[in-house]
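Below is one structure, written out as structure tokens, with a few remarks after it.
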Amino acid sequence: MSRPAIAILLVALSLSAPLSLSGAIPASAAIPSPREFLGHDVGEDRYLAPWDRVVAYMRALDEASDRISIESAGTSTLGNDMPVVILTSEENQRNLSRHRDTARRLALSEDLSEEEANTLIDQGKAIVLVTCSIHSTEVGSTQMAMELAHQIATTTDDDMLRWLDDVILLVMPSINPDGQVMVVDWYNKHLGTEHEGGRLPWLYHHYAGHDNNRDFYMLTQKESRAVNDVLYKRWFPQVFLDEHQMGSTGPRMFVPPQTDPVAPEISSMTLMFADLMGTMMALRLEEAGKRGVGRDMIFDSYWPGGTRNTAWWKNVVGLLTEVASARIDTPLTIEPGELEGGQKGLPTHVRRANYLSPWEGGSWRLRDIIDYELIATKALLEGCSRYRRDLLANVNRLAREETSRGRTESPYAFLVPKDQHDLSATALMIDLLLRHGVHVDRADADIVVQGVGGASTIVPSGSFAIRTAQPYRPFILTMLTPQRYPEILDTVGGKNIPPYDVTSWSLPIAMGVDVLRVDAPFDPVAARLRRLEEPVWPGGKVPAAPGGYLIPHAADAAFLAMNRLIKQGRPVYWLQETGDAPPGDIWIPHDAATQKEMSDLSVAARVPIHALASRPRGRALRVERSRAGLYKPWDASMDEGWTRWLFDTYEVPYTSIDNKQITSGLFTRNIDVLVLPDVGKSIIAEGRPPEGTPYVPLPTEYAGGLGTDGAREIKKWVREKGGVVVALDSSADYIIDILELPVRNVLAGEDKDRVDCPGSMLRLLVDATHPVAYGMRAEDAGYFAGSPAFETRVPDPRFDRRVVASYPERAEDLLVSGYLRGGEMLARRAAVVDLKVGNGRVVLIGLRAQHRAQPHRTFKLLFNAVHLPGLEETSLP
């Protein structure tokens, strides 16, 4: 912190005097108000402080106040800084390192004596993290953060000063600053037009869009990793509030408690503290006359993918608030008859035990959003001050209890054998657990595991052990075991309450890693376990290879290595007649690269590369460069964004293709394969959702879909010019229709009461000899989320087809993890179909092969399909 050494001589200026363009601190006060700094009031209609001004204001407060300091959590995807604003008393600011260490020891030092723990609890401060505006159209909390910081910097209120002495409040004004820039720029551009307050035609997170709040267990994005580090590497807060906004015609604000179902691994104490803080928020809002506060509705306590959700499994009190939205910063007027329920816990918009003071309609603006959030945030500060000792004691009690349960209750550990189908994915899973603060050991001797009836299993030296005797035991259990969504009925004998999001997140299942659950104690000393500080990545020095080099197709990382080799013009082959190697393994001739080059590639791509003593013989597929075109609709698609992330990460060459490029036919000049992400048929064809779905038009230049012109160009390109289309999930319906494919989606139009699978891993039967399935196992698993299921028919001479993957014959064999109703509708149906269409080809991938970049085991389906145009059958030289 930088602090003025002497008093500043003040020059009397009117608060309404215009600011200089530099935005310098006005001389009228040592601590500037938002109005003085910005020239506008926070929450003023049709004025949003841009992200750079928000950050500049926080830095100005840092310069002027001893109660505020700032550190950086890192940078965003597009390079914006992600500040953490630290708000607390002057005394606490001088001792942040000590308080941070106290929090860490209470959260992780499960073996503290009672005396040591009590000393730390007496000395420690409640540390509270508040994150704002991860969803960037939810602008209120970012704007509110400035007003909150100013109030804390200038308060003389005895109560608030006491709270600040008890609590260290960490505020991240936005955990998606890139989106803040986009939304504010778009809003300002369209002020005064019919599109004022309307939606963007692109994602407000470069890759994830709204799904940036679905990444907090997989941690693929820079922003997710930054917040994760603040939580579990730097500060170890006991409480975490994530502030959101929701729709405009329901309750004015949601505060905890959350509704059913409740995940079995989460401590009751964690949720009770969340309920306590939510009740404090509701009470203070009611006192202030803020009506329309709802609890125990809409948002469940089951799924760990969101920001504060993951914290529940790590003994942190996670809270969510959701405030009704305006049209960004344009006021709304809502008639009483337009208010509605119809959601979990609020069937109608009437007074209920969980909605005691219904809002009655009227004007709703950004200023209202800020007022509700400001009251709720200060109520949290008050509550954490009041229950400081309880919160600190609770996090340590849970650390000790969970560690004790891991020593005395099954499962005692999860073992990850060193021999795996995909060594790259295995190392990535270990890396992910380490990022989450989970302790992972490596065995320097064989691990002997006793089974039922005295039989034992030997897991070889070099394998990994995740023992459950550690503070984050609940997180380990939910991440390493299959899920079964519980039966939660809305009424006695009624319907099962649907999940808020998805129902499967088991890492071994999603990533294709074999994990052994240990249900009996084993001897860690005999196994010579040692704590890992970083993952053991595959790859390293490659021996001399007179027969060339072999890369296993099973490894996701093989595609990164292969794409680099192809870009360099090196000859690359997928083996077909392989002898001992699985179909599709990747061969590079000895004279195509030096031993050092292959060693460097193995290390850089983190993939094993094997040296062959002799050249393989037989048939193979020569792999040439294939240029992908990824369709990007103006009705922004999160699946398109995730696909872009995968392509960028694995260095797949691609071009983004919009409607105009397709309708004009220009796309055919630059690409060999067209990838259609998971986008509905009406969005692709018309640029808008199906009839009856709420829709806000975009400006003319972004309106519409492919129409008849686009369909005609795709048909001509595929049938006559040999183009290849890869259709992911729901986009299959579009391509089936326009090309009249001999395939039917048997689930089209089916009601969820009959068949429902909102995000689960299902068993697949795979033809691993087909190039699209190279690297897969004969029995594998795929991610299904309201996806299609295909029935093929004997085609006429215009077509040919081959089923690459299908579902098992019996419905009861389908579900691997999650929730499935109506499995009989999927039994024996095709999940992946490869079709010859005239001179071209279509691959229908009727599942979420790359859903949110999470199901690693099926990335290969997409990557292989993208390479199809570059494959040429040949005999090995």
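Quick check: the distance between the Cα centres of the stretch 723-794 and the stretch 347-406, to the nearest angstrom?
42
Multiply the residue gap between D600 and R400 by 0.36 nm, knock off their C-alpha separation, and tell me the result in nm, one decimal place.
Gain in length upon complete extension: 67.5 nm.
What's the Kirkwood radius of the stretch 477-545 in Å, using all Cα pairs? Intermediate results must be reported in sequence, preceding the final value.
Details: mean 1/r = 0.0585 Å⁻¹.
Evaluated on the stretch 477-545, it is 17.1 Å.
Please sort 101-108, 273-280, 541-548 by packing, taking for each peptide the average over its residues of neighbouring beta carbons within 10 angstrom, highest first.
Going from most to least packed, we get 273-280, 101-108, 541-548.
Where q = 0.13, 0.16, 0.21 Å⁻¹, what log10 of I(q)/I(0) comes from the Debye formula for the stretch 419-518, counting one point per Cα?
-0.60, -0.81, -1.18
Kindly write out, for the stretch 68-73 in residue order, the coupling ³J(HN,Hα) from the Karplus curve 6.51 cos²θ - 1.76 cosθ + 1.60 (θ = phi - 60°), rounded to whole Hz, with x marking Gly and Pro.
10, 9, 9, 10, 9, 8
How many percent of the alpha carbon pairs in the chain exceed a separation of 38 Å?
Cα-Cα pairs in the chain separated by more than 38 Å: 47 percent.
Can you give the three extents of the C-alpha atoms in the stretch 192-307 along their principal axes, from longest to shortest, in whole Å?
If we take the Cα atoms of the stretch 192-307, the spans are 46, 40, 27 Å.
For V492 and K541, what does the FRET efficiency come to when R0 = 51 Å and r is the distance between their Cβ atoms, rounded to the nearest 0.05?
Taking R0 as 51 Å, the efficiency between V492 and K541 is 0.20.
For a quick protection proxy, order the peptides 507-518, 854-865, 422-433 by their average other-Cβ count within 10 Å, most packed first.
Top to bottom by mean Cβ count within 10 Å: 854-865, 422-433, 507-518.
Taking the simple approach of a point 7 Å from Cα along Cα-to-Cβ for both E71 and D753, what is their distance in nm?
Label-label distance for E71 and D753, simple model: 5.5 nm.
Largest first and to the nearest Å, give the Cα extent of the stretch 627-746 along each principal axis.
Extents along the principal axes, in whole Å: 37, 34, 31.
Quick one: divide the alpha-carbon radius of gyration of the stretch 233-274 by 2.2 N^0.38 Å and tell me what you get.
Ratio of Rg to 2.2 N^0.38 Å for the stretch 233-274: 1.49.
Taking all pairs of distinct Cα atoms, average 1/r, flip it, and tell me the Kirkwood hydrodynamic radius of the stretch 760-877 in Å to one decimal place.
14.9
For the chain, with only Lys/Arg (+1) and Asp/Glu (-1) charged at the beta-carbon, what is the dipole magnitude about the Cα centre, in debye rounded to 20?
It comes to approximately 1900 debye.
Treat each spin label as a single point 7 Å out from the Cα along the C-beta direction, and report the D159 to D709 distance in nm.
Result: 6.4 nm between the two label points.
For the stretch 300-366, what value does the Rg/Rh ratio take when both radii are computed over Cα atoms and Rh is the Kirkwood radius, given to two decimals?
Here the Rg-to-Rh quotient is 1.07.
Let me understand the stretch 694-764 better: what is its radius of gyration from the alpha carbons, and its Dmax, in angstrom?
Expressed in Å, the Cα Rg and Dmax of the stretch 694-764 come to 16.1, 44.
Along the three principal axes, how long is the stretch 722-812 when you take its alpha carbons, biggest first, rounded to the nearest angstrom?
On the principal axes, the stretch 722-812 reaches 37, 33, 21 Å in Cα extent.
Thinking of the stretch 100-165 as a set of Cα atoms, what percent of all their pairs are more than 13 Å apart?
Percent of Cα pairs beyond 13 Å in the stretch 100-165: 74.
Treating only the Cβ atoms of Lys and Arg (+1) and Asp and Glu (-1) as charged, compute the dipole magnitude of the stretch 597-667 about its Cα centre; round to the nearest 20 debye. Walk me through the intermediate numbers first.
Numbers: 10 positive and 9 negative charges, 104 e Å.
Dipole magnitude for the stretch 597-667 comes out near 500 debye.
With no solvent and one equal point scatterer placed on each C-alpha of the stretch 139-216, evaluate the Debye formula and give log10 I(q)/I(0) for q = 0.17, 0.26 Å⁻¹, two decimals.
With no solvent term, the Cα-only Debye profile gives -0.80, -1.24.
Compute the acute angle (0 to 90°) between the alpha-carbon long axis of helix 268-287 and the principal axis of greatest extent of the alpha-carbon atoms of the chain; round to the nearest 10°.
Roughly 50 degrees, rounded to the nearest 10.
Show log10 I(q)/I(0) for the stretch 53-121 at q = 0.18 Å⁻¹, two decimals, from a solvent-free Debye sum over equal Cα scatterers.
For the stretch 53-121 at q = 0.18 Å⁻¹, log10 I(q)/I(0) is -0.80.
Please identify which residues in the stretch 564-600 have an amide N closer than 17 Å to a label point set 7 Å out from the Cα of S614, following the Cα→Cβ vector.
So the set is 577-581, 590.
Return the whole-Å distance between the Cα centroid of the stretch 294-335 and the Cα centroid of the stretch 116-164.
18
Using Stokes-Einstein with the Kirkwood hydrodynamic radius over Cα pairs, what translational diffusion coefficient do you get for the stretch 283-394 at 4 °C and a viscosity of 1.567 mPa s, in µm²/s rounded to a whole number?
The Stokes-Einstein estimate is 81 µm²/s.
Could you compute Rg(Cα) / (2.2 N^0.38 Å) for the stretch 553-709, with N its residue count?
1.36
For labels at A455 and K716 in the simple 7 Å Cα→Cβ model, what's the distance in nm?
If labels sit at A455 and K716, their model points lie 6.5 nm apart.
Contact order normalised by length for the chain, with contacts defined as Cα pairs under 8 Å and 6 or more residues apart; what percent is it?
Numbers: 1973 pairs, mean separation 88.6, N = 877.
Relative contact order, the chain: 10 percent.
Show me the ranking of peptides 194-205, 150-161 by mean Cβ neighbours inside 10 Å, starting with the highest.
Descending packing order for the listed peptides: 194-205, 150-161.
Putting +1 on Lys and Arg Cβ atoms and -1 on Asp and Glu Cβ atoms, find which of P616, G629, A581 reaches farthest to the positive end of the dipole of the stretch 554-666.
Checked the options; the winner is P616.
Relative contact order for the stretch 587-657 using alpha-carbon pairs under 8 Å, separation at least 6, rounded to a whole percent? Present the calculation step by step, with values, prior to reporting the outcome.
On the way: 31 pairs, mean separation 20.4, N = 71.
Contact order relative to length: 29 percent.
Fully extended, how many nm does the chain gain between T119 and N839 (0.36 nm per residue separation, minus their Cα-Cα distance)?
Values: separation 720, 0.36 × 720 = 259.20 nm, distance 7.64 nm.
Gain in length upon complete extension: 251.6 nm.
Could you name the lysines in cross-link range of K836, using Cα to Cα under 16 Å and dropping any fewer than eight places away on the same chain?
K715, K716, K721
Would you please report the Å³ per residue occupied by the convex hull of the alpha carbon atoms in the stretch 274-319?
Cα-based convex hull of the stretch 274-319, divided per residue, equals 78 Å³.
Using Cα-Cα distances under 8 Å and only pairs 6 or more residues apart, what relative contact order does the stretch 155-272 have, in percent?
14
FYI, it's all coordinate maths here, none of it is from the lab. Computed from a predicted structure; not experimentally measured. Neighbour counts are summed over all protein chains in view; Cβ atoms, including those assigned to glycine, are modelled from backbone coordinates with ideal geometry.
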